[in-house]
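The structure appears right after this line, and notes come after that.
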Amino acid sequence: MKKEFVVIGLGRFGGSIVRELVRLGADVLAIDTNQEKVDEFAKIATQAVIADTTDEDVIKSLGIRNFEHVIIAIGENIQNSILTTLILKDLGVKQITVKAQNDYHARVLEKIGADFVVHPERDMGIRIANNMMSSNVLDY
Ligand code: ATP
């Protein structure tokens with residue numbers, strides 16, 4: 001059976017997750033409030049919809065609770081990221097990965113039950129610095 005994911009927020013981070021999951025053969029429901037983003041991902045994701053995930057009724061109507069894994073890639077709007085996480089956790093979604101904007105954001109996300117909290121910019125910076133120190137070959 002195909003793996004199924006929901007990606008909320010189609011910025012650079014969320015967008016690259018959608019592309020890679022699809023390349024790896026997964027089914028992906030891509031969601032954003034922005035029409036242009038959704039139009040762009042309509043050709044890439046299994047399904048792309050315009051929706052505001054801080055609205056519980058909208059989340060229910062999309063059946064997001066039936067997906068195993070949801071990735072919340074809303075960056076700048078910390079309130080929207082926290083609200084979306086809270087609603088999905090309350091609805092019983094098993095695995096939620098959330099992009100944190102800073103350490104305080106990460107702490108709130110952990111407290112409300114986010115299963116995986118990621119810091120892509122920070123972690124990539126650490127990785128690149130480590131690779132630069134440990135190798136002559138620049139392979140990031
Ligand atoms: P990048 O990954 O490009 O660095 P970013 O961290 O700056 O992105 P944002 O651009 O703030 O993240 O957010 C990513 C996307 O999340 C945007 O396209 C935005 O429209 C979408 N978004 C914000 N709030 C919501 C919401 N409540 N429901 C759905 N999508 C949302």
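The values are calculated or read from the model by the stated rules, or taken from the named source; none is laboratory data. Quick caveat: nothing in here was measured; it's all calculated off a predicted structure. Positions of Cβ are backbone-derived with ideal geometry, glycine not excepted, and every protein chain shown enters the neighbour counts. Areas reflect the complete protein model, heavy atoms only, side chains present, ligands, DNA and RNA absent. Shrake-Rupley method; radii C 1.70, N 1.55, O 1.52, S 1.80 Å.
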Please go through the range 10-19 and pick out each residue that is part of a loop (DSSP other than H, G, I, E, B) and open to solvent by less than 10 Å² (accessible area, probe 1.4 Å).
LEU10
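In the range 20-43, how many residues are more than 7 Å from the ligand (Cβ to nearest atom), more than 12 Å from the chain's Cα centre (by Cα) and crowded, with 16+ Cβ neighbours inside 10 Å?
Just the residues of the range 20-43 that are more than 7 Å from the ligand (Cβ to nearest atom), to begin with: 20-30, 35-36, 38-43.
Still in the list and also more than 12 Å from the chain's Cα centre (by Cα): 20, 22-27, 35-36, 38-43.
So of that shortlist, the ones also crowded, with 16+ Cβ neighbours inside 10 Å come out as 22, 26-27, 38, 40-41.
Number satisfying all stated conditions: 6.
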Can you name every residue in the range 24-36 that is farther than 18 Å from LEU62 by Cα and charged (D, E, K, R)?
GLU36
Among the candidates LEU88, LEU83, LEU29, single out the residue that is at pLDDT 95 or above and either in contact with a helix residue (DSSP H, G or I) (Cβ under 7 Å, 6 or more places away or on another chain) or acidic (Asp, Glu) (or both).
LEU88
Consider the range 47-64. How many of its residues are more than 10 Å from the ligand (Cβ to nearest atom) and crowded, with 16+ Cβ neighbours inside 10 Å?
3
Take the residues in the range 77-107 that are touching a Leu at 6+ places or on another chain (Cβ under 8 Å) and not in a loop (DSSP other than H, G, I, E, B), then tell me which one is nearest to HIS119 (Cα to Cα).
VAL98
Within the range 6-44, how many residues are in contact (Cβ under 8 Å) with a residue 60 or more places away in the chain and either over 17 Å from SER81 (Cβ atoms) or among the aliphatic types (A, V, I, L, M) (or both)?
4
Of the residues that sit in the range 109-126 and are open to solvent by less than 60 Å² (accessible area, probe 1.4 Å) and in a helix (DSSP H, G or I), which one is farthest from ILE64 (Cα to Cα)?
GLY125
